[in-house]
Amino acid sequence: MNAGLQHIGIIMDGNGRWANSRNLLRSAGHLEGLKTAKKIIQAFSDRNIPYITLYAFSTENWKRSGTEVSYLMNLISKYIKKEYPFYNKNNIRILHTGSQVNLPNTVLKNLQNAVNYTSGHTGLTVCLAVNYGGRDEILRAIRNYSVSESFNQNSPPEEIEFCKYFDNPGIPDPDLIIRTAGEKRLSNFLLWQSAYSELFFSDKLWPDWSENDLDNAIEEFSKRKRNFGGVQR
């Protein structure tokens, strides 16, 4: 079951609220959210959906307490490093989207190692949005384009040319973006790429999500008609 979906982006929201509702530290919510992410990645692989982008850490998340940021960085780094058997078993390819600026060296190293190690895998592509912001990605693309051989200050770039300077230009735009925990906004996630994405909002907190919730989102998507600005005939 994938309803013709090629790419789904997920804003994994609600870890902190999940922990607070159980009188636990926020770190416990992030750890549980990580377990849910692995479970949902497996569900994607089983359903033959080729691409998933997970919003793991935004450019705005640096505003959180130093303790929480440090915990998140360590959690992301350790998870990426320890899941090689999972990548192999499911033929998963890892990609990173986001700025490398300010990321700890261990996180950068483990991200790059996972990208290199899984580069030959041909199953599900998991794009980890770490230190990612949609506006930041657009600005970085502008800077990269402006110093490229394609740059012509007297002529604006064609869209297809400009898109080559995004973090992962080979990934199709998301058909569907899911946000959990009841919030109804994109929060700077894939702003350029989501121009014609369908949006699905779930009241469930991310750590409570299951494959059934994913299937419900896919079923809802399958009922929608996408005209991409045209007129249905």
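The values are calculated or read from the model by the stated rules, or taken from the named source; none is laboratory data. All figures in this text were calculated on a predicted structure; none of them were measured in a lab. Note: ideal-geometry Cβ built from the backbone for every residue, glycine included; neighbour counts use all protein chains shown.
Things to note:
One line per residue, one yes/no per condition, for (1) crowded, with 18+ Cβ neighbours inside 10 Å; (2) closer than 19 Å to ASP208 by Cα; (3) touching a strand residue (DSSP E or B) at 6+ places or on another chain (Cβ under 6 Å):
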{"site": "ASN23", "(1), (2), (3)": "no, yes, no"}
{"site": "HIS30", "(1), (2), (3)": "yes, yes, no"}
{"site": "SER45", "(1), (2), (3)": "yes, no, no"}
{"site": "GLU68", "(1), (2), (3)": "no, no, no"}
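- Output for region 22-48, where each listed residue is touching a Gly at 6+ places or on another chain (Cβ under 9 Å) and touching a residue at least 60 places away in the same chain (Cβ under 8 Å): GLY29, GLY33, SER45
- The one condition in (1) more than 19 Å from SER99 (Cβ to Cβ); (2) out of contact with any helix residue (DSSP H, G or I) (no Cβ under 6 Å at 6 or more places or on another chain); (3) touching a residue at least 40 places away in the same chain (Cβ under 8 Å) that ILE171 fails to fulfil: (1)
- Within region 5-35, the set of residues being farther than 22 Å from THR67 by Cα, of a type outside the set (A, V, I, L, M) and in contact with an Asp or Glu (Cβ under 8 Å, 6 or more places away or on another chain) comprises GLN6, HIS7.
Each row is one residue, and each column tells you yes or no for (1) in contact with a Cys (Cβ under 8 Å, 6 or more places away or on another chain); (2) buried (at least 18 other Cβ atoms within 10 Å of the Cβ).
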site	(1), (2)
ARG64	no, no
LEU72	no, yes
TYR87	no, yes
THR97	yes, yes
GLN100	no, no
LEU103	no, yes
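- Flag for PHE162 being surrounded by 15 or more Cβ atoms within 10 Å (Cβ to Cβ), modelled with pLDDT under 95 and not aliphatic (A, V, I, L, M): yes
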